[in-house]
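Data block below; observations after.
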Amino acid sequence: MHDINAIRQDPDAFDAALSTRGVAPCAAELLGLDDGRRAAIAEAQQLQTKRNEASKKIGQAKGQGDEAEAKRLMDEVAGLKDALQKAEEAERAANTALTDALATIPNLPLADVPVGADEDGNVELRRHGEPKAGSAEHFEIGEALGMMDFEIAAALSGSRFVVLRDGLARLDRALGNFMIDLHINEFGYRENALPVLVRDDAVFGTGQLPKFTEDLFRTENGYWLIPTAEVTLTNLVREQITDATKLPMRLTALTPCFRSEAGSAGRDTRGMIRQHQFTKVELVSITDAESGADELERKTQCAEEVLKRLGLPYRVMQLCTGDMGFGARKTYDLEVWLPGQNAYREISSISYCGDFQGRRMNARYRHEGDKQTHFVHTLNGSGLAVGRTLVAVLENYVNADGTVTVPEVLRPYMGGVEIIGEANG
RNA sequence: GGAGGGGUGGCUGAGUGGUUGAAAGCGGCGGUCUUGAAAACCGUUGAGCGUUUACGCGUUCCGGGGGUUCGAAUCCCUCCCCCUCCGCCA
């Protein structure tokens, strides 16, 4: 959600920034709605003042037992009621119109974000590790091991689901535990166990609603299944004034995520890359206005560290203006090397949202002794997507005989198993 | 799922139609006193929005939304949440 006052101060800058995302100029329209809104407020308030004064006098007259005077005053303001109701109705309508318009406009990119139309405009910032030569694809490896079953998953649930067994089921669990332990033990994140079903307000707060309903699953009685724990973690501070001494808050959770993948028909149909359900370790930070941008760099390093310790080659991309998500002001993607595809594939996306989500959630903070409140700044990032990490481990660690070596750091989480596909793995 | 009871400011808790943004207490902040602190005493202490160069003025908010009324924390409708008992249940 944008600040209409900021738009009023510099409408041209607003439109210019939006245009880098391919959004048509809309400041003029917004300011028109805002003028209407403020006129309606002024009108309603004037009438309210009149009414309040009259009511006060009536109260006084009644208090003194002067019924005749009270009656005279009541007759005097009788006509006010209708006008007031109309004015208040107009105020509500004008407010809604502006809010609705603002709610569907994406966030503004930071000034240092490269301008571009789509993913071709993204900029590679750095690489880590040596990409290996091609391997089998992860689903070939998994199916050969007899531990990855798309057929039975389809029978249960349809396409874009998978059943993992034995060593791979355990590897999946080990990956999630390893990641979350790293973040809570070494990077100061606090672990949360959270609902995966949430209501409208929460999903509006992080920006998936009202625009992106098709991407989400919804229960019959109106709950949304979270597409990412960003929704639940970020909304933990909604509708509150947080003491600034508690910032930055660094929050993490290991949860399942649910995505309808509407509109991605035909893409990544084979394998575990794009599923309706996957587990992910999410990293959210709640910061003040000053430290948000720095926190993005820190969070990116936290996510990178997971890949480093797993020994997976990757590169860091900075997304251009046209490829960033709705709520982001600046985004880094981590792309892991997949020998099976001979390509880098996204495994984490880390974004700084400024106060965009803070406004939508009415989440504020205050410095000690200050009267002024500010909207919190928020960041989110995957640290990492567990399913895709499993894919990367399979393709990077597969052996010539089809078994898979377990990365060293995961072995404590695997009960000491070193090779998946051998007798005890 | 059935029956009942509740949601008031940072907290506790009064308030069932009239100058109530809201008593009182606690907490917080400032001051007096004190070498300092405590105690005591005095004062102060919610969040938005509109308007104004500013001081200020106005307005909204007592779980959310709508309504009745000249006037609503108080009455009505509706939704949400919490608690107790019963039922069911991992």
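Quick notes
- Förster radius 41 Å - calculated FRET efficiency between residue A:10 and residue A:418 (Cβ-Cβ, nearest 0.05): 0.10
- Among A:341, A:318, A:372: highest mean-square fluctuation, GNM of chain A, C-alpha pairs under 10 Å: A:372
- Relative contact order (%) - criterion: Cα under 8 Å, at least six apart; region: the stretch A:86-173: 14
- Contact order normalised by residue count of chain A, Cα under 8 Å, 6+ apart, percent: 20
- Positive-end residue, the stretch A:36-149 charge dipole about Cα centroid, Cβ charges, pick of A:101, A:55, A:85: A:55
- Spatial extent of the stretch A:115-157: Rg and Dmax, with the Cα atoms as the point set, Å: 17.9, 46
- Value of D in µm² per second that Stokes-Einstein yields for the stretch A:1-147, Kirkwood Rh from Cα pairs, at 20 °C (1.002 mPa s): 100
- Basic side chains Lys and Arg get +1 at the Cβ, acidic Asp and Glu get -1 at the Cβ, and with that the dipole of the stretch A:313-386 about its Cα centre reaches some 260 debye.
- FRET E, pair residue A:82, residue A:362, Förster distance 25 Å, beta-carbon r, rounded to 0.05: 0.15
- Chain A - mean residue ellipticity at 222 nm from DSSP helices (-39,500 (n - 2.57) per run, n ≥ 4, rounded to 500): -13000 deg cm²/dmol
- Ordering A:229, A:65, A:386 by Cα displacement along the dipole of chain A toward the positive end leaves A:65 in first place; charges were set at the Cβ atoms of Lys, Arg (+1) and Asp, Glu (-1).
- In units of the rule-of-thumb radius 2.2 N^0.38 Å, the stretch A:229-295 shows an alpha carbon radius of gyration of 1.49.
- Cα-only Debye scattering, chain A: base-10 log of I(q)/I(0) at q = 0.09, 0.10 Å⁻¹: -0.65, -0.77
- Share of pairwise Cα-Cα distances greater than 21 Å in the stretch A:228-380 is 51 percent (whole percent).
- Against the empirical 2.2 N^0.38 Å (N residues), the stretch A:374-416 has a Cα radius of gyration ratio of 1.77.
- The stretch A:1-75 - Rg (one decimal) and Dmax (whole number), Cα, Å: 22.8, 69
- If you take all other residues with their beta carbon under 15 Å from the beta carbon of residue A:415, and give Lys and Arg +1 and Asp and Glu -1, the sum is -2.
- Over all Cα atoms in the stretch A:158-230, the spread is summed up by Rg and Dmax: 15.8, 41 Å.
- Translational diffusion coefficient (Stokes-Einstein; Kirkwood radius from C-alpha pairs) of the stretch A:208-267 at 20 °C, 1.002 mPa s, in µm²/s: 155
- Convex hull volume per residue for the stretch A:311-413, taking Cα atoms only, in Å³: 149
- If you take all other residues with their beta carbon under 15 Å from the beta carbon of residue A:187, and give Lys and Arg +1 and Asp and Glu -1, the sum is -3.
Each reported figure results from applying straightforward, stated rules to the coordinates on display, with no laboratory input. As the structure is a prediction and not an experimental result, all values here were calculated from the model. Note: ideal-geometry Cβ built from the backbone for every residue, glycine included; neighbour counts use all protein chains shown.
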